[in-house]
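I have placed the structure first, in the form of structure tokens, so that the comments after it can refer back to it.
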Amino acid sequence: MSNSKEVDVLWLSQEECIESGAKDMDMILEYVEKVNLWLAEDKVVEPELLHLLWEEGNYSGKRIGVHAALIRSEEMRVAAVKGIPSNPLNPVERQTPRSNGMIILYNEDTGYPFAVMDDTIVSALRTGASSALGAKYCARPDSEVLGLVGCGVIQNAHIEATSKVMKNIKTVRLYDMNEDRAKQFADRWKHLGYNFEICKDVEQAVAQSDIVYTATNVNLGNEYIPKEWIKKGSFHSGVSMWDHKNDAILEGFNKYCMDYKLRLKDDKYPLSELTKAGKLAQDDIIELGQVIKGDKVIRENDDDSIFFVTLGICATDTANSYQIYQNAKERGLGTSVKLWSEPAMY
């Protein structure tokens, strides 16, 4: 081992991350599934996430999410801190992404950082992969109709990931407040061979779909999906959190799954609010990793309607980013930035 006290950090731009696999959905799916399993095997440490709101109470407005994770698996031992600011006005006013992520990877032995890299693409694809894996383990295997509410960036990740794990999809029902955006979405993904239907209202996209993903800018207090729209036997991933009314969650579904139950301590999202209010028991919610591991069964019959929540496990970004870092090193990509040559001792 070198006696040098110098610490260098590899900076990876978004373009370099993409070149190293950030858009490889097969890789993203692989590590999202592994991390959920590692979580069930107690190989992941992840604290509560922190949300900083620029406008008090406006959870779908400008905010910064701060996440951290530590992985102790046979495949990798690495820690990370991730920051992901979000501003829904960015696409409208600036024609730039709503969110951008940045992740710092840390060495287990020293605790020092060894990479700082873009996490925007990984975070988006990981969201789609998480919902798709929820569908893989919770939806009916013969599901044929996929309903997408909102046709923005995240739904691109959803449809790509779902096409890889749900092989019986035939029809995709799309609803977006901007009908042209729904048409552009259908055109982009027509190569998948699905029958795309542009819906005139949300109910058409939700009520008869076997799998539903909501990815909108709806805010707390503006929930709009009632229990009457929940198809028996369907699977819903409430990605944007405040789309389903409480009666839809409590009465429209009979099974509940999420990627990480620690998030039940978080404020102001449906399952945490419902469990804190005593309307839903924590024991009634199953972690996806327990299903993957085989410790729990969630779908017991075709009529089970399952509500799934993914709030984003930072460890999934950590694992994928670590693999991207390894790929980048092999390709000679990135810029080495000095943290220090000789650490100052004060």
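Below are the figures for this structure:
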| read-out | value |
| --- | --- |
| Yes/no for residue 184 being touching a Phe, Trp or Tyr at 6+ places or on another chain (Cβ under 9 Å) and modelled with pLDDT of 95 or more | no |
| Region 275-297 residues that are closer than 26 Å to residue 247 by Cα and open to solvent by less than 90 Å² (accessible area, probe 1.4 Å), paired with ones that are of a type in the set (Gly, Ala, Ser) and not in a helix (DSSP H, G or I) (beta carbon under 6 Å, 6 or more apart) | none |
| Tabulated pairs, region 78-99, first among the basic types (Lys, Arg), second assigned to a strand (DSSP E or B), C-beta under 6 angstrom, 6+ apart or interchain | 82/67; 82/103; 98/86 |
| Filter result for residue 179 (surrounded by fewer than 24 Cβ atoms within 10 Å (Cβ to Cβ), more than 30 Å from residue 7 (Cβ to Cβ) and under 15 Å from the mean Cα position of the chain (by Cα)) | no |
| Yes/no for residue 91 being open to solvent by less than 80 Å² (accessible area, probe 1.4 Å), assigned to a helix (DSSP H, G or I) and of a type outside the set (Ser, Thr, Tyr) | yes |
| Residue list for region 142-195, restricted to those being basic (Lys, Arg) and out of contact with any Ser or Thr (no Cβ under 9 Å at 6 or more places or on another chain) | 164, 167, 170, 181, 183, 188, 190 |
| Odd one out for residue 122 among (1) part of a strand (DSSP E or B); (2) of a type outside the set (D, E, K, R); (3) surrounded by 20 or more Cβ atoms within 10 Å (Cβ to Cβ) | (1) |
| Strands (runs of 3 or more DSSP E) contained entirely in region 1-85, each with at least 3 residues that are under 15 Å from the mean Cα position of the chain (by Cα) | 63-72 |
| Subset of region 123-168 that is in contact with a strand residue (DSSP E or B) (Cβ under 7 Å, 6 or more places away or on another chain) and among the small types (Gly, Ala, Ser) - its residue that is farthest from residue 253 (Cα to Cα) | 123 |
| Number of the exception - residue 220 against (1) surrounded by 18 or more Cβ atoms within 10 Å (Cβ to Cβ); (2) over 21 Å from residue 135 (Cβ atoms); (3) not polar (S, T, N, Q) | (1) |
| Which numbered condition residue 312 misses (of (1) within 23 Å of residue 266 (Cα to Cα); (2) surrounded by fewer than 23 Cβ atoms within 10 Å (Cβ to Cβ); (3) touching a strand residue (DSSP E or B) at 6+ places or on another chain (Cβ under 6 Å)) | (3) |
| Where residue 167 falls short, out of the listed (1) in contact (Cβ under 8 Å) with a residue 24 or more places away in the chain; (2) under 28 Å from residue 29 (Cβ atoms) | (1) |
| Members of region 143-155 that are open to solvent by 30 Å² or more (accessible area, probe 1.4 Å) and either touching a helix residue (DSSP H, G or I) at 6+ places or on another chain (Cβ under 9 Å) or under 18 Å from residue 312 (Cα atoms) (or both) | 153, 154 |
| Candidates 159, 104 - the one that is of a type in the set (Val, Ile, Thr), open to solvent by less than 40 Å² (accessible area, probe 1.4 Å) and not in a loop (DSSP other than H, G, I, E, B) | 159 |
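Residue by residue, here is whether (1) open to solvent by 40 Å² or more (accessible area, probe 1.4 Å); (2) under 25 Å from residue 241 (Cα atoms); (3) in contact (Cβ under 8 Å) with a residue 60 or more places away in the chain; (4) β-branched (Val, Ile, Thr) holds:
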residue: 42; (1), (2), (3), (4): yes, no, no, no
residue: 45; (1), (2), (3), (4): yes, yes, no, yes
residue: 49; (1), (2), (3), (4): no, yes, yes, no
residue: 56; (1), (2), (3), (4): yes, yes, no, no
residue: 62; (1), (2), (3), (4): yes, yes, no, no
residue: 74; (1), (2), (3), (4): yes, no, no, no
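The values are calculated or read from the model by the stated rules, or taken from the named source; none is laboratory data. Note that this is a predicted model, so its numbers are computed, not measured. Quick reminder, even Gly has a Cβ in these numbers, built from the backbone with ideal geometry, and neighbours come from all protein chains shown. All accessible areas refer to the heavy atoms of the entire protein, side chains included, with ligands and DNA or RNA removed. Shrake-Rupley method; radii C 1.70, N 1.55, O 1.52, S 1.80 Å.
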